[in-house]
Amino acid sequence: MSLFHGGRHSEGLLCTEEGTTYHCTRGSSMPQYKLTYFNLRGRAEISRYLFAYSGKKYEDHRIEAADWPKIKPTIPFGKIPVLEVDGVTIHQSLAIARYLARESGLAGQTPVEQALADAIVDTIDDFMTLFPWAEKNQDVRKQAFDDILTNKAPELLKDLDTFLGDNNWLVGKSVTWADFYWDVCSTTLLSCKPDLADNYPRLLALRDRVQAIPAIAAWIQKRPKTAM
């Protein structure tokens, strides 16, 4: 008789081998997850989508901005989000999301698909980092946002629309984390400029497909309502 922990298709199962028969019970190998971020969608929302889709349990630890100065020194590299996995801390939002995508089967079905999904995520993220999210001067902030949304967003949308074409998903034949990231980021963009993607019905339809996934629809319905 031997013991082994189940792999990807038997997550958290402790299995006993007796001859050619395996008796499996829920063991203690299920990872313990704790995601720490502000009480915003922001850079943690892609990970929350992935947790929702996979059904993995996690602690959605949200902190208030007023508490950040005293918490920051305790955070590796002084930035959030961070994800703790059985006490090991992973930083950088896209590294966290990429890890969760792999764990959930949403990274892409082949190495090429994985590279393409990563490239789309990075392309969208490059655009999102153009915005002065932390700018406190509202006039300066508004001017910058208006300029980016008016003069730079159309190029991104055109390129994404061309890449998507008439396919259901951005990469391959099934949903990946790249589709999730488009939905997460476009939700924020459309809150700033509701008609932003009106000329790109295929991209809007992709949002609809993502939001129609039952686990994602349930998360959107129950998540805290925040501005960003």
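The values are calculated or read from the model by the stated rules, or taken from the named source; none is laboratory data. This is a predicted model, so every value here is computed, not measured. Neighbour counts run over all protein chains shown; Cβ positions are idealised from the backbone, glycine included.
When G108, G165 are checked against the criterion of being under 16 Å from the mean Cα position of the chain (by Cα) and at positive phi, G108 stands alone in meeting it. Taken together, the criteria place R62 among residues that are touching a residue at least 60 places away in the same chain (Cβ under 8 Å), among the charged types (D, E, K, R), more than 18 Å from D118 (Cα to Cα) and touching a strand residue (DSSP E or B) at 6+ places or on another chain (Cβ under 9 Å). Counting just the residues of segment 122-165 that are out of contact with any Leu (no Cβ under 7 Å at 6 or more places or on another chain) and among the acidic types (D, E), which one comes out surrounded by the fewest Cβ atoms within 10 Å (Cβ to Cβ)? Result: D139.
Taken together, the criteria place I220 among residues that are free of Cβ contacts under 8 Å to residues at least 24 places away in the same chain, under 21 Å from I96 (Cα atoms) and of a type in the set (V, I, T).
Being touching a residue at least 60 places away in the same chain (Cβ under 8 Å), in a loop (DSSP other than H, G, I, E, B), surrounded by 13 or more Cβ atoms within 10 Å (Cβ to Cβ) and touching a helix residue (DSSP H, G or I) at 6+ places or on another chain (Cβ under 8 Å), is that true of even one residue in segment 178-199? No, that holds for no residue.
Residue-by-condition table, conditions (1) at positive phi; (2) among the hydroxyl-bearing types (S, T, Y); (3) in contact (Cβ under 8 Å) with a residue 40 or more places away in the chain:
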residue	(1), (2), (3)
T74	no, yes, no
H91	no, no, no
E103	no, no, yes
V112	no, no, no
A153	no, no, yes
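Can you say whether A52 is surrounded by 12 or more Cβ atoms within 10 Å (Cβ to Cβ), assigned by TED's automatic domain parsing to the domain that holds W182 and among the hydrophobic types (A, V, I, L, M, F, W, C), as far as the supplied structure shows? For A52, the condition - surrounded by 12 or more Cβ atoms within 10 Å (Cβ to Cβ), assigned by TED's automatic domain parsing to the domain that holds W182 and among the hydrophobic types (A, V, I, L, M, F, W, C) - is not met. Looking at segment 158-169, is at least one residue outside the structural domain of N39 (by TED's automatic domain parsing) and under 23 Å from S54 (Cα atoms)? The answer is yes; a qualifying residue exists. Taken over segment 118-167, the criterion of being under 24 Å from Q92 (Cα atoms), of a type in the set (S, T, N, Q) and assigned to a helix (DSSP H, G or I) is satisfied by T123 alone.
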